[in-house]
Amino acid sequence: MDKAPLVGIVMGSDSDLNVMQAAAEILQQFNIPIELTVVSAHRTPLRMVDYATTAQQRGLKVIIAGAGGAAHLPGMIASITTLPVIGVPIKSSNSIDGWDSVLSILQMPNGVPVATVALNAAKNAGILAAQIIGTSNKETNAAIHAYKTLLQEEVLEKVETLKQKFFNSYDR
């Protein structure tokens, strides 16, 4: 039987899936069970309220909410739940270079925090959610450590490639 989801991933529209899929993929890589759905702050506000008010009862520990344009979804969810909410601003088709989404998620009033990642950076949202889960789950913490070690090794391999190609390189 599948484990109950620990991270909820919501987006304002299915057109956001191409961005939000990166969060789902990295969380699956860390073996963290997820749920993924569309919840629109503007078109389905009652669904949004139901999702946010029942999230903790369903076992969720973190919610990742992606939205473009006015991008109210992450903040509205954060206003309803006590769970950590990570906002992913999405550059949508009606966006002003994504800044409208970034600022709508980033500029939350005191008392309603939303952790905000870079524009279209759903993968970072997934990693942050995993790190939150990892504070109380040894297996997840070990998986994150292994992932970050791999990132470090990839950079060091690139350093070696540069050393071989250009001979003079910072070597520490």
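Odds and ends about this structure:
Rundown of residues vs (1) among the acidic types (Asp, Glu); (2) in contact with a Lys or Arg (Cβ under 8 Å, 6 or more places away or on another chain); (3) buried (at least 17 other Cβ atoms within 10 Å of the Cβ); (4) outside any helix (DSSP H, G or I), yes/no style:
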residue: Ala78; (1), (2), (3), (4): no, no, yes, no
residue: Thr82; (1), (2), (3), (4): no, no, no, yes
residue: Gly87; (1), (2), (3), (4): no, no, yes, yes
residue: Ser95; (1), (2), (3), (4): no, no, yes, yes
residue: Ile105; (1), (2), (3), (4): no, no, yes, no
residue: Pro113; (1), (2), (3), (4): no, no, no, yes
residue: Ala118; (1), (2), (3), (4): no, no, no, yes
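- Taking the criterion of being part of a helix (DSSP H, G or I), at pLDDT below 90 and not basic (Lys, Arg), the residues of the range 121-172 that qualify are Val159, Glu160, Thr161, Leu162, Gln164, Phe166.
- Residues (surrounded by fewer than 13 Cβ atoms within 10 Å (Cβ to Cβ) and either outside the structural domain of Val114 (by TED's automatic domain parsing) or of a type in the set (Ser, Thr, Tyr) (or both)) located in the range 5-55: Thr37, Thr53, Thr54
The values are calculated or read from the model by the stated rules, or taken from the named source; none is laboratory data. On a predicted model such as this, the values are computed, not experimentally measured, just so you know. Virtual Cβ from ideal backbone geometry, glycine too; neighbours counted across all protein chains shown.
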